[in-house]
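The values are calculated or read from the model by the stated rules, or taken from the named source; none is laboratory data. What you are looking at is a predicted structure, and each value in this text was computed from that prediction instead of being measured. Don't worry about glycine lacking a Cβ; one is built from the backbone with ideal geometry, like all the others, and counts go over all protein chains shown.
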């Protein structure tokens, strides 16, 4: 136990914690409809949490999810190696500035090292100063552009 919370990787039996994690993400990101408006079925969540290449970590205090991280393992074509992409990372407002995000990233790094990854990467919005400051302490910044491509829209 660290500073009042336990860090754990969620698996198929952890449906309630996974749903709590989504609720916490929705509140932290101000996107409650995205993270809770159309919740996946228990069967979907169980199957997702069983996948070795999807890392779902939760910082839990009692039965409350106070922080979490979701990362995806990407096998590469150009070399026999893999990367981990941290897609979602948040800590509930009252629990921030206690090292929870750092511990979550550390847990992801440990799993990535066990799986033979060569890098863990994450994106941040320029306006998210706390996230940028945290990531600056952990790695190298790359300036990239990000595009969302609608799969249903025809290409010219």
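Right, residue 69: more than 14 Å from the chain's Cα centre (by Cα) and at pLDDT 95 or above or not?
Criteria not met by residue 69.
Any idea which of 96, 81 is more than 17 Å from the chain's Cα centre (by Cα), in contact (Cβ under 8 Å) with a residue 24 or more places away in the chain and more than 16 Å from residue 16 (Cβ to Cβ)?
So the residue among 96, 81 that is more than 17 Å from the chain's Cα centre (by Cα), in contact (Cβ under 8 Å) with a residue 24 or more places away in the chain and more than 16 Å from residue 16 (Cβ to Cβ) is 81.
If I ask for residues that are within 15 Å of residue 53 (Cβ to Cβ) and touching a helix residue (DSSP H, G or I) at 6+ places or on another chain (Cβ under 9 Å), which ones from the stretch 87-117 would you list?
Hit for the stretch 87-117 is 117, nothing else.
Please determine, by comparing only the residues of the stretch 28-63 that are in a helix (DSSP H, G or I) and at pLDDT below 95, which one is surrounded by the fewest Cβ atoms within 10 Å (Cβ to Cβ).
33
Quick one: residue 25 ticks every box in (1) surrounded by 14 or more Cβ atoms within 10 Å (Cβ to Cβ); (2) not in a helix (DSSP H, G or I) bar one, so which box is it?
Failed condition: (2).
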